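Notes to accompany the following structure.
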Amino acid sequence: MEEKLKQLHQEASEKVKQSTELKELNEVRVAYLGKKGPITEVLKGMGKLSAEERPKMGALANEVRDSIASAIESKQQALEAAAIEKKLEQETIDVTLPGLPVKVGTHHPLTSVIEEIEDLFISMGYKIEEGPEVEKDYYNFEALNLPKGHPARDMQDSFYITEDILLRTHTSPVQARTMERHGGKGPVKIICPGKVYRRDNDDATHSHQFMQIEGLVVDENIRMSDLKGTLNLFAKKLFGEEREIRLRPSFFPFTEPSVEMDISCKICGGKGCSVCKGTGWIEILGAGMVHPNVLEMAGFDSEKYTGFAFGMGPERIAMLKYGIDDIRHYYTNDYRFLTQFGRAEFN
Ligand code: DAH
């Protein structure tokens, strides 16, 4: 019996040693230490032994069982540690690999142009004003010298919400609101960027929603020459020192006299090309001296105060500045279009 136990010990130790996986080791455990295993079998035969041999064999059997159990235990720990080690090795991060590029957003070309214009006017002492996009008919038309039934209202096809409320068709109502708030006291020196809406069919040059920037200066002794100087500086700063401007007589109900400003065509240098339609000039904005009626309606004494105003479309300005040929590009969010205006270091 002693022989048998020693042989079992030897065999089990060998198998434990050879086990390379936890599953295999568990099979050894079940085979040798389980209820139906050989050691239990040996112990069952103890009854046949003499009284003095029995405790000796019992002790030996226990010793063998404990020894096998502890061999399995330590092998199990070793296998588990090896498994963790292997997993860690497979999961190491190679910090020398190049990283994945992160896509960084860029400024929309319209935002860039609007900010450039804002910065320019802020540097000349203007303040930025805003007003509601859902506007009263009074501020959008009446306070701008366009009473109900005035034929010039047809120039701006409007989205009416009620009889007295509409989506503003231009940023000029912010002029009226700001002057009214000033309570008849100058100076007023503002620009107002914002969205405007018109009932237009969208095409390459029309959009039912677009941006405008309005400018207004009201003070004592403001003259047409102040307007011209301001617009000249604006055109040169935005489009280049070599550009010329010209003012053409025009009509707006809220200004008198009214003008439209053209800049000399950069593409042909004034000779005439398809961009300037052969004229050598490109129309940029509308402007004029604030109509006395508009000053009076906002509470200003038109004998004491004069002012100039202008209104421009940043879409058109950005189109000319960046050579964009379709206004719809601004609003359709084509990634290929937008990334062209990104900062070079992120492209
Ligand atoms: N509100 C005009 C428009 O949308 C643009 C404009 C013209 C604004 C002349 C002005 C101005 O302030 O003086 O067509």
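Filter region 18-42 down to the residues that are aliphatic (A, V, I, L, M) and under 13 Å from LEU8 (Cα atoms) and list them by number. Walk me through how you get there before you give the answer.
So the first thing to find is which residues in region 18-42 are aliphatic (A, V, I, L, M), and the list is 22, 25, 28, 30-31, 33, 39, 42.
Answer for region 18-42, where residues must be aliphatic (A, V, I, L, M) and under 13 Å from LEU8 (Cα atoms): VAL28, ALA31, LEU33, ILE39, VAL42.
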*asked:* Restricting to region 301-319, give me the number of residues that are surrounded by 20 or more Cβ atoms within 10 Å (Cβ to Cβ) and either away from the ligand (no atom under 13 Å from the Cβ) or over 24 Å from the mean Cα position of the chain (by Cα) (or both).
replied: 11
*Quick one: in region 211-224, of everything that is surrounded by fewer than 16 Cβ atoms within 10 Å (Cβ to Cβ) and assigned to a loop (DSSP other than H, G, I, E, B), which residue is nearest to the ligand (Cβ to nearest atom)?*
ARG223
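Helices (runs of 4 or more DSSP H) wholly in region 1-117 with at least 3 residues that are at pLDDT 85 or above - which ones? Talk me through it step by step, then tell me what you get.
Working: elements: 2-18, 22-33, 38-44, 53-90.
The qualifying helices (runs of 4 or more DSSP H) are 2-18, 22-33, 53-90.
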*Consider only pairs whose beta carbons are under 8 Å apart and that are at least six residues apart or on different chains; among these, list those whose first residue lies in region 153-170 and is farther than 11 Å from GLU133 by Cβ and whose second residue is within 12 Å of the ligand (Cβ to nearest atom) and of a type in the set (Ser, Thr, Tyr).*
GLN156/THR169; ASP157/THR169; SER158/THR169; SER158/TYR197
*Restricting attention to region 147-166, which residues are in a loop (DSSP other than H, G, I, E, B) and within 14 Å of HIS208 (Cα to Cα)?*
GLN156, ASP157, SER158, PHE159
*asked:* Which pairs turn up if I take residues in region 211-224 that are within 15 Å of THR171 (Cβ to Cβ) and look for partners that are part of a loop (DSSP other than H, G, I, E, B) and within 12 Å of the ligand (Cβ to nearest atom) with beta carbon separation below 7 Å, at least 6 apart in sequence or on another chain?
replied: MET211/GLY313; GLN212/HIS170; GLN212/THR171; GLN212/GLY313; ILE213/THR171; GLU214/THR171; GLU214/SER172
*asked:* I'd like the residue in region 269-300 that is free of Cβ contacts under 8 Å to residues at least 24 places away in the same chain and of a type in the set (S, T, N, Q) and, out of all such residues, is surrounded by the fewest Cβ atoms within 10 Å (Cβ to Cβ).
replied: SER274
*Mind checking which residues of region 182-202 are under 26 Å from the mean Cα position of the chain (by Cα) and in a loop (DSSP other than H, G, I, E, B)?*
ASP202
_Go through region 122-141 and report how many residues are within 16 Å of the ligand (Cβ to nearest atom) and free of Cβ contacts under 8 Å to residues at least 24 places away in the same chain._
1
*Test for GLY183: is it surrounded by 19 or more Cβ atoms within 10 Å (Cβ to Cβ), of a type outside the set (A, V, I, L, M) and touching a residue at least 24 places away in the same chain (Cβ under 8 Å)*: no
*Scan of region 122-146 for residues that are over 24 Å from TYR197 (Cβ atoms) and outside any strand (DSSP E or B), ordered by number*: ILE122, SER123, MET124, GLY125, TYR126
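Looking only at region 225-277, filter to residues that are among the acidic types (Asp, Glu) and within 12 Å of the ligand (Cβ to nearest atom); which one of those is farthest from GLY313 (Cα to Cα)?
Keep residues of region 225-277 that are among the acidic types (Asp, Glu), which gives 226, 241-242, 244, 256, 260, 262.
From what is left, the residues that are within 12 Å of the ligand (Cβ to nearest atom) are 256, 260.
On the way: GLU256: 21, GLU260: 13 Å.
Checking each candidate, the answer is GLU256.
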*So which residues in region 155-201 are within 13 Å of the ligand (Cβ to nearest atom) and acidic (Asp, Glu), if there are any at all?*
ASP157, ASP200
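The values are calculated or read from the model by the stated rules, or taken from the named source; none is laboratory data. Keep in mind that this is a model prediction, so the values were computed, not measured. Positions of Cβ are generated from backbone atoms using ideal geometry, with glycine treated the same way; all protein chains shown enter the neighbour counts.
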